[in-house]
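As structure tokens, the structure follows; a few thoughts come after it.
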Amino acid sequence: MLIDFHMHAFPQRIALPALESLSQKADGLPYHTQGTPQSTLEQMDVWGVDLGCIMNIATNPRQQAKVNAFAVETDQNPRFCAFGSVHPDSPEWEKALEEIAEGGLKGIKLHPEYQEFRVWEPRMLPLYRKCRDLGLIVMFHAGKDIGFPDTFNAPAEDFASLAQALPDLKAVLAHFGGWDCWEEVKERLAGKVPFYFDTSFSGGRLSPCLAEELIQIHSADRILFGSDCPWQPSDVALAFLKELSLTEEEMEKICWKNGAALLKI
């Protein structure tokens with residue numbers, strides 16, 4: 001079985017314009033689906049993915065309700081597990097979190113660059129506590145972002161502070177704990193925080209040697225397979241993982257067992 005814990009899809013009417021806009025922002029980064037749930041499903045069949053976790057992001061407060069309605073709709077497909085999102089500047093974020101939980105979604109995605117917040121700042125703590133109390137998983141973009149070369153709102157030190165304050169928060173730090181900040185992840189986070197790391201969009205940038213080291217220090221029990229589709233195909237992300245010196249048991253944990261346990265499926 002293969003669970004891709006980090007994928008993206010968009011409503012059909014905006015999918016291609018959204019991909020084009022995001023691609024341009026990231027210096028022409030190629031995409032590998034047409035952006036719709038149906039296109040993602042078709043590629044999941046090609047790549048051998050059984051279940052895809054679709055991460056949605058409310059990039060402004062006005063989008064919040066529509067983003068979460070799309071997440072609930074997407075989640076109806078048994079091949080998907082969709083996450084909602086709230087925007088920290090929305091006056092309705094608390095109500096939205098309650099509706100997300102009541103709607104059966106497993107968690108939310110937060111992106112400190114697109115949503116313009118620093119991971120460790122006082123105004124975010126009530127939001128994190130609410131997620132904890134509702135049992136929602138919080139998927140964070142972690143580390144740098146190729147589309148935001150001039151800002152850096154998700155450093156390892158912030159996640160270390162968050163882990164100290166809320167060790168019982170069910171959190172996933174994307175991109176092996178911090179994209180393009182892996183030495184800091186190794187120093188500040190690996191083996192020291194209870195949060196999960198996912199493997200998304202790391203192959204080709206993160207050295208196999210350092211990837212192995214991060215997994216061994218942090219434990220394969222806390223690693224989730226992810227691709228960041230459509231920005232990386234799931235089979236490419238899996239091929240990177242297969243290059244590493246991992247046991248069959250470790251691969252099973254990373255590829256599906258940890259994800260299934262976290263999602264309670």
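The values are calculated or read from the model by the stated rules, or taken from the named source; none is laboratory data. Because the structure is a prediction, the values reported are computed rather than measured. All Cβ positions, glycine included, derive from the backbone under ideal geometry; neighbour counts span all protein chains shown.
Observations
- Cβ separations smaller than 9 Å between residues 6+ apart or across chains give the following pairs from segment 162-185 residues that are among the basic types (Lys, Arg) to residues that are surrounded by 18 or more Cβ atoms within 10 Å (Cβ to Cβ): Lys170/Gly107; Lys170/Cys131; Lys170/Leu136; Lys170/Ile137; Lys170/Val138; Lys170/Phe195; Lys170/Tyr196; Lys170/Leu262.
- For segment 96-150, the set of residues classified as more than 18 Å from Ala82 (Cβ to Cβ), touching a strand residue (DSSP E or B) at 6+ places or on another chain (Cβ under 9 Å) and at pLDDT 95 or above consists of Pro112, Phe117, Val119, Met124, Leu127, Tyr128, Arg132, Ala142, Gly143, Lys144, Asp145, listed by residue number.
- Figure legend. Inter-residue proximity from segment 39-56: first residues over 20 Å from Ala260 (Cβ atoms), second residues in a helix (DSSP H, G or I), beta-carbon distance below 7 Å, spacing 6+ or different chains. Indicated pairs: Asn56/Val67; Asn56/Phe70; Asn56/Ala71.
- Filter result for Pro78 (without any contact (Cβ under 8 Å) to a residue 60 or more places away in the chain and surrounded by 17 or more Cβ atoms within 10 Å (Cβ to Cβ)): no
- Among the conditions (1) outside any loop (DSSP other than H, G, I, E, B); (2) farther than 30 Å from Ala239 by Cβ; (3) out of contact with any strand residue (DSSP E or B) (no Cβ under 9 Å at 6 or more places or on another chain), Arg13 misses just one, which is (1).
- Scoring Ala160 on the criteria (1) buried (at least 21 other Cβ atoms within 10 Å of the Cβ); (2) among the aliphatic types (A, V, I, L, M); (3) under 17 Å from Trp120 (Cα atoms) leaves a single failure, condition (1).
- Against the conditions (1) under 25 Å from Asp150 (Cβ atoms); (2) touching a helix residue (DSSP H, G or I) at 6+ places or on another chain (Cβ under 7 Å); (3) not basic (Lys, Arg), Thr59 satisfies every one except (2).
- Residue list for segment 194-211, restricted to those being on the phi < 0 side of the Ramachandran plot, outside any strand (DSSP E or B) and either among the acidic types (Asp, Glu) or out of contact with any Pro (no Cβ under 8 Å at 6 or more places or on another chain) (or both): Phe195, Thr199, Ser200, Ser202, Arg205, Ser207, Pro208, Cys209, Leu210, Ala211
- In segment 16-38, the residue that is surrounded by the fewest Cβ atoms within 10 Å (Cβ to Cβ) out of those that are in a helix (DSSP H, G or I) and in contact (Cβ under 8 Å) with a residue 40 or more places away in the chain is Lys25.
- Subset of segment 193-227 (residues that are among the small types (Gly, Ala, Ser) and at pLDDT below 95): Gly203, Gly204
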